Structures are given as C-alpha cells and as structure tokens.
Amino acid sequence: MFPIPLPMRAALDAAAAAAAREEVPVGAVIVRRGEIIATSANSPRSRHDPTAHAEMLAIRAAAGVIGDDRLTDCDLWVTLEPCAMCAGAIAHARIGRLYYGAGDLKGGAIEHGPRLFTQTTIHHRPEIYPGIAEGESAALLRTFFASRR
Ligand SMILES: [Zn+2]
C-alpha cells in the first residue's frame, strides 16, 4: 500500500465531514500548480440544491479563486466516480486531470453508465486516474448507508 496523496486525504476529510451533516459522504479538491485552491463536500440536502455535488461546488469555488471559467491547469480529486452532471462540468471547466476514489456502479459516468469521456462528441477529455484511495472512499459510503438502515 502506498500512502494516500495529500489532495485525496483532504477530499476524504471533506467527505467525512459531510457524513456528519447527514450528507452522502463525497469530497472533492481542486489543485492548481501543487496548491489546493478549493475543497468541497457533497451538500444537496443542506443547500436544497440537487446540483450541489462536491465536484460542482469545488469547480465553482476554484473558478472564483482564479477568476476564469477555464480550469485548464487544475486537477480535480474526488472520492467517488463523478456522475454525468459533474463529468459534464469537468469537461466545461477543461480540468486537466481527474483523480477519483471508488467507482460508482449506479451513478458513475466515467467507467460506468454513459462513460462520458469515451464519447466522440465530448469537447474536452481530462487525463483520468481511478481507484485512488478506493477502499477508504467506499468505506465512508458503506458506513454512512449502513447507519441509515
Ligand atoms: Zn455529480
């Protein structure tokens, strides 16, 4: 086992904090030139906003920080495989690299479902690195859903 990269550690911490607020625990971080510029957690329930996925919030925050709608030199780290909405936002934001933890059989759109970045019509395709701290990411989700049964 190799150590969990720092940005994924921060995303996992954000995910754990979301669970404490009764949100499905998913966390996301955006790194630009080696520096974390945005950290977000899944918050649709508390924000009454179905689009408030961790990735969407992180992309919005990062765009605000750098004052640009294109995050070309930014990498996104997220604990769960992004859904179709977030994958679309990743393309619009021109994210350079996507690192994610657990695969999402039901809601994922990278290696499951629509597999958005394999579509020939997609206008931007990040480099994709799945399975980073996959076990920890999945464990957070498992514990959360088990506690709600
Ligand atoms: Zn999403």
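Quick note: the coordinates plus some simple rules give every number you see, no bench work behind them. Fair warning: this is a prediction, and the values are worked out from it, not measured in the lab. Note: ideal-geometry Cβ built from the backbone for every residue, glycine included; neighbour counts use all protein chains shown.
What the table shows:
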{"quantity": "Helix 134-147 vs. the chain, principal-axis angle (Cα, 0 to 90°, nearest 10)", "calculated": "40 degrees"}
{"quantity": "Restricting segment 16-84 to GluC sites (Glu not before Pro) in coil, as DSSP defines it, with at most 14 other Cβ within 10 Å", "calculated": "Glu22"}
{"quantity": "The chain - Kirkwood radius from inverse mean 1/r over Cα pairs (Å)", "calculated": "15.0 Å"}
{"quantity": "Options His48, Val31, Leu76, ranked by Cα towards positive dipole end of segment 30-84, top entry (Cβ charges)", "calculated": "His48"}
{"quantity": "Inter-probe distance in nm under a simple model that places probes 7 Å from Cα toward Cβ, at Thr143 and His123", "calculated": "4.1 nm"}
{"quantity": "DSSP-assigned coil residues among trypsin sites (Lys or Arg not before Pro) in segment 81-122, each with at most 15 further Cβ atoms within 10 Å", "calculated": "Lys106, Arg115"}
{"quantity": "FRET efficiency estimate (nearest 0.05) - Cβ-Cβ, Asp69 to Arg21, R0 22 angstrom", "calculated": "0.15"}
{"quantity": "Helix-only mean residue ellipticity at 222 nm for the chain, each DSSP H run of n ≥ 4 adding -39500 (n - 2.57), per residue, nearest 500", "calculated": "-11500 deg cm²/dmol"}
{"quantity": "Fully extended contour minus Cα-Cα distance, from Arg45 to Asp13, at 0.36 nm per residue", "calculated": "9.6 nm"}
{"quantity": "Percent antiparallel among DSSP beta bridges (both partners in segment 11-109, rounded to 5)", "calculated": "70 percent"}
